[in-house]
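As structure tokens, the structure follows; a few thoughts come after it.
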Amino acid sequence: MSSTYYDPRDLRKFGKISEWDQEIGDKFFDWYGEVFKEGALTEREKSLIALAVAHVIQCPYCIDAYTTDGLQRGIGKEEMMEAIHVGAAIRGGASLVHGVQMMNKVEKLSM
């Protein structure tokens with residue numbers, strides 16, 4: 001059995017974060033619940049967005065949770081992968097656009 005830094009069993013313990021600060025924990029979970037309710041976006045669309053964001057921020061717990069949630073909501077593997085590519089493209093672009101800052105600095109220091 002291989003060990004990992006992230007223990008998949010810890011995802012089931014997420015609700016316990018309120019134990020050390022009940023008031024703030026409750027506020028977080030209330031807000032989190034409201035965010036994922038049907039609104040202008042469907043719960044299915046929100047799950048797909050969450051999956052893409054989970055990959056961009058590289059949270060293995062979120063990836064597990066929103067892969068499972070997405071499957072339960074009928075999101076197909078092709079939709080999941082496309083959403084991940086969208087997130088990766090935005091992340092890549094955001095990294096590259098910061099290159100303009102470097103270019104500006106080089107130009108300034110080269111004067």
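Residues in segment 29-57 that are more than 15 Å from GLU79 (Cβ to Cβ), within 18 Å of the chain's Cα centre (by Cα) and not in a helix (DSSP H, G or I): PHE36, LYS37. Considered as a group, the residues in segment 76-111 that are part of a loop (DSSP other than H, G, I, E, B) and small (Gly, Ala, Ser) include one that is modelled with the lowest pLDDT, and that residue is SER110.
Return yes when THR68 is under 23 Å from ALA88 (Cβ atoms), modelled with pLDDT under 95 and hydroxyl-bearing (Ser, Thr, Tyr) and no when it is not. The answer is no for THR68.
For beta carbons closer than 8 Å, sequence separation of 6+ or different chains, a first residue in segment 82-93 that is over 13 Å from ILE57 (Cα atoms) and a second that is assigned to a helix (DSSP H, G or I), the qualifying pairs are ALA83/LEU48; ALA83/ILE49; ALA83/LEU51; ALA83/ALA52; VAL86/ALA52.
Listed here are the residues, each with its yes/no results for (1) loosely packed, with under 11 Cβ neighbours inside 10 Å; (2) out of contact with any His (no Cβ under 8 Å at 6 or more places or on another chain); (3) under 27 Å from TYR6 (Cβ atoms).
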position: GLU43; (1), (2), (3): no, yes, yes
position: ILE49; (1), (2), (3): no, yes, yes
position: ALA54; (1), (2), (3): no, yes, yes
position: ILE63; (1), (2), (3): no, no, yes
position: VAL106; (1), (2), (3): yes, yes, no
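Against the list (1) in contact (Cβ under 8 Å) with a residue 12 or more places away in the chain; (2) outside any loop (DSSP other than H, G, I, E, B), the condition TYR6 fails is (2). Kindly establish whether SER18 is closer than 25 Å to THR4 by Cβ, surrounded by 10 or more Cβ atoms within 10 Å (Cβ to Cβ) and not basic (Lys, Arg). Here the answer is no, as SER18 does not meet what is asked. Take the conditions (1) aromatic (Phe, Trp, Tyr); (2) surrounded by 11 or more Cβ atoms within 10 Å (Cβ to Cβ); (3) more than 30 Å from GLY92 (Cβ to Cβ); TYR6 misses just one of them, which is (3). Looking across ASP69, ASP26, one residue alone is assigned to a helix (DSSP H, G or I), surrounded by 11 or more Cβ atoms within 10 Å (Cβ to Cβ) and more than 20 Å from the chain's Cα centre (by Cα). It is ASP26. SER110 meets each of the listed conditions (1) over 27 Å from PRO8 (Cβ atoms); (2) in contact with a Lys or Arg (Cβ under 7 Å, 6 or more places away or on another chain); (3) of a type in the set (Ser, Thr, Tyr) apart from (2).
The values are calculated or read from the model by the stated rules, or taken from the named source; none is laboratory data. Just so it is clear, the model here is predicted, and its values are computed rather than measured. Positions of Cβ are generated from backbone atoms using ideal geometry, with glycine treated the same way; all protein chains shown enter the neighbour counts.
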